[in-house]
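Data first, discussion second: the structure below is written as structure tokens.
The values are calculated or read from the model by the stated rules, or taken from the named source; none is laboratory data. Remember, predicted model here, so these are calculated numbers, not experimental data. Cβ placement follows ideal geometry from the backbone for every residue including glycine, while neighbour counts extend to all protein chains displayed.
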Amino acid sequence: MSIFRYWHHFVLTATTWALSSSDDEILVGGQAVIEGVMMRSPKGYSVAVRRQDGNVRVIREVLKTVSEKWKVFKLPILRGIGVLAQALVLGIKALRFSAEEALAEEGAKNDKPMDPQKTSNLLIAGNLVLALGVNVLMFVVLPLFLTRLIQTQLGFQSLIVFNSIDGLFRVTVFVGFLYLVSWMKDMNRVFQYHGAEHKTVYNFEARETLEVANAAKYSTLHPRCGTSFLLVVMIVSILVFSSVHFVSFGAKLLSRIVLLPLVAGISYEIIRYSAKHPKGLLRWVTFPGLLLQKITTKEPSSSQLEIAIRALEEALTV
């Protein structure tokens, strides 16, 4: 089943957060999926996937934002939580569609009838649970455990020092994980589609005709990318976690999980502000995230740009 089975598909699910971008007030955003791109507009979203025979499969749906359903999510901090939650749900739906297309195509090629929807649902559900657990272990439990070991050896008590070391470990694990993933051939293609998504968004934001020649000239690095957002989250978490004091390892771990929505909401506001004020001081906060996108985005081919453009065109017609 190549990319769709076990390890490869798990890695793609585990890195969904680094491949998406979204904002209620910014016109378009998107996410790379398996051999395709998901794009969202103010009124809906679309997923375009290229099959091995060259045909392009597309779905599109009307979409109401979280803030349109519940007014409370128009408030600062809370709006970020709502937008990010919806982006995650959309990302999983888009990933499921691309997996179903690949499974259906593989079944036809191997002459093995299967129910692609049922198979993709089970595959994504299982990998989503596993990916969530692994992300918590890698980015919360492991850094906290290593920091606690260092604290025991050195005997310091400062919250700022503790959380700075914890944050440094978290960033190191984060960057190392993405770097290792980037060496996988299948993920490298996903990162090319990620680059195609960014170039197409730039093309649209420049109010130029959506076409390959126009999109190709733009950068693959975009300030609203999920990769940049996650790096900001790790910086903000140092300050937020330093504002509360717990002694036991279990209490510290639980507080990090409970405070994660607050950290995400604050980080969203920073990304949102920096996107609207590209010459402001906060641009330096997102700058390291742009550098990190050199790992998670690759230069796309013309055919990959065509898919990203098709996805955006379809989303804009909803």
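For region 54-72, taking the residues that are at pLDDT 90 or above and charged (D, E, K, R), the one that is nearest to Gln304 (Cα to Cα) is identified as Arg57. Consider region 1-37 and keep the residues that are under 17 Å from Tyr202 (Cβ atoms) and assigned to a strand (DSSP E or B). The one that is modelled with the lowest pLDDT is Ser20.
Here is a yes/no grid of residues against (1) modelled with pLDDT under 90; (2) outside any helix (DSSP H, G or I):
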| residue | (1), (2) |
| --- | --- |
| Leu262 | no, no |
| Glu269 | yes, no |
| Ala275 | yes, no |
| Phe287 | yes, no |
| Lys298 | no, yes |
| Glu306 | no, no |
| Leu312 | no, no |
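When Tyr202 is tested against (1) without any contact (Cβ under 8 Å) to a residue 60 or more places away in the chain; (2) surrounded by fewer than 16 Cβ atoms within 10 Å (Cβ to Cβ), only condition (2) is not met. Under the condition of being under 24 Å from Phe191 (Cβ atoms) and free of Cβ contacts under 8 Å to residues at least 12 places away in the same chain, the residues counted in region 138-171 number 0. Number of residues in region 115-155 that are among the hydroxyl-bearing types (Ser, Thr, Tyr), modelled with pLDDT of 85 or more and surrounded by 14 or more Cβ atoms within 10 Å (Cβ to Cβ) equals 1.
Residues are listed down the side, and each one gets a yes or a no for (1) in contact with a strand residue (DSSP E or B) (Cβ under 7 Å, 6 or more places away or on another chain); (2) not β-branched (Val, Ile, Thr):
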| site | (1), (2) |
| --- | --- |
| Leu159 | no, yes |
| Ile165 | no, no |
| Ser182 | no, yes |
| His194 | yes, yes |
| Asn214 | no, yes |
| Ser237 | no, yes |
| Ser248 | no, yes |
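Output yes when any residue across region 45-53 is modelled with pLDDT under 85 and either closer than 23 Å to Lys298 by Cα or of a type in the set (A, V, I, L, M) (or both), and no when none is. Within region 45-53, one or more residues are modelled with pLDDT under 85 and either closer than 23 Å to Lys298 by Cα or of a type in the set (A, V, I, L, M) (or both).
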